[in-house]
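Participant: Pasting a structure here, questions to come.
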Amino acid sequence: MDIGINRGDDGWDINAMRGIGIGEVLIGNVLRLHTGTNCIEVHSPAELRTDHEAVPVHAASRTNLDRLTQLLDQVIAEVHAADSGSLRCRFANGWRLYVPVSSDAYGWIIGLRGSYFIRSLPGGGVRMPREFA
């Protein structure tokens with residue numbers, strides 16, 4: 001069954017999210033971006049790059065939370081989970097959300113259709129369900 005995760009040169013392309021707008025932005029201890037039944041959770045510090053600037057964002061430490069809400073309704077152009085453990089999400093308007101490798105925690109998790117997921121590992125790397133690895 002194709003769930004929209006494809007192997008690339010240096011990681012995984014999450015094509016299941018391409019062309020879908022962010023329908024919900026939830027900010028608590030983590031940042032959650034929902035696209036229907038799919039979700040990106042960001043647990044560690046990240047960087048949001050707009051047309052004019054790059055700003056650090058982090059839900060748990062309350063860093064630039066007003067910027068995170070601007071992701072609502074943004075259409076996803078690309079989601080790429082690198083083998084190194086970083087995550088890159090590019091939006092159709094040119095904005096980018098980048099989550100670097102986290103040395104001591106899970107940096108991010110991607111949930112697809114409520115059950116399939118891919119996540120970063122503390123210190124680097126990516127964990128996939130066995131059937132895709």
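The values are calculated or read from the model by the stated rules, or taken from the named source; none is laboratory data. Remember, it's a predicted structure, so these values are computed and weren't measured experimentally. All Cβ positions, even for glycine, are placed from backbone atoms using ideal geometry, and neighbour counts span all protein chains on display. We work out accessible area using only protein heavy atoms, side chains counted, and drop any ligands, DNA or RNA first. Shrake-Rupley method; radii C 1.70, N 1.55, O 1.52, S 1.80 Å.
Participant: What value, in deg cm²/dmol to 500, does the helix sum -39500 (n - 2.57) over DSSP H runs of n ≥ 4 give at 222 nm once divided by the residues of the chain?
Facilitator: -500 deg cm²/dmol
Participant: Then there is this: Pop out the carbon and sulfur fraction of the accessible area of the chain as a percent, whole number, probe 1.4 Å.
Facilitator: C and S atoms contribute 47 percent here.
Participant: Give the residue list of GluC sites (Glu not before Pro) in segment 45-83 that are DSSP loop and have at most 10 other beta-carbon atoms within 10 angstrom.
Facilitator: Glu53
Participant: Distances longer than 18 Å among the Cα atoms of segment 1-112: what percent of all pairs is that?
Facilitator: Cα-Cα pairs of segment 1-112 separated by over 18 Å account for 45 percent.
Participant: Moving to a separate point now. About the Cα centre of segment 87-130, what is the dipole size in debye to 20, counting +1 per Lys and Arg Cβ and -1 per Asp and Glu Cβ, all else neutral?
Facilitator: Around 200 debye, computed over segment 87-130.
Participant: With +1 on the Cβ of every Lys and Arg and -1 on the Cβ of every Asp and Glu, and nothing else charged, how large is the dipole of the chain about its Cα centre, in debye rounded to the nearest 20?
Facilitator: Taking the Cα centre of the chain as origin, the dipole is about 200 debye.
Participant: Looking at segment 28-133, which trypsin sites (Lys or Arg not before Pro) are DSSP coil and have at most 10 other C-beta atoms within 10 Å of their C-beta?
Facilitator: Listed in order of number, the matching sites are Arg62, Arg130.
Participant: Counting only the heavy atoms of the protein chains, how much of His34 is accessible to a 1.4 Å probe, in Å² to the nearest 10?
Facilitator: Taking all protein chains as shown, His34 has close to 40 Å².
Participant: Can you work out the accessible area per residue across the chain, with the rest of the protein chains kept in place, probe 1.4 Å, in square angstrom?
Facilitator: With the other protein chains kept in place, the chain gives 50 Å² per residue.
Participant: Using alpha carbons only, how many angstrom separate the centre of segment 1-56 from the centre of segment 77-94?
Facilitator: Between the Cα centres of segment 1-56 and segment 77-94 lies a distance of 7 Å.
Participant: Here is a follow-up. Given Pro45, Thr35, Asn6, which one lies farthest toward the positive end of the charge dipole of segment 1-103, if we put +1 on the Cβ of every Lys and Arg and -1 on the Cβ of every Asp and Glu?
Facilitator: Checking the options against the dipole of segment 1-103, the answer is Pro45.
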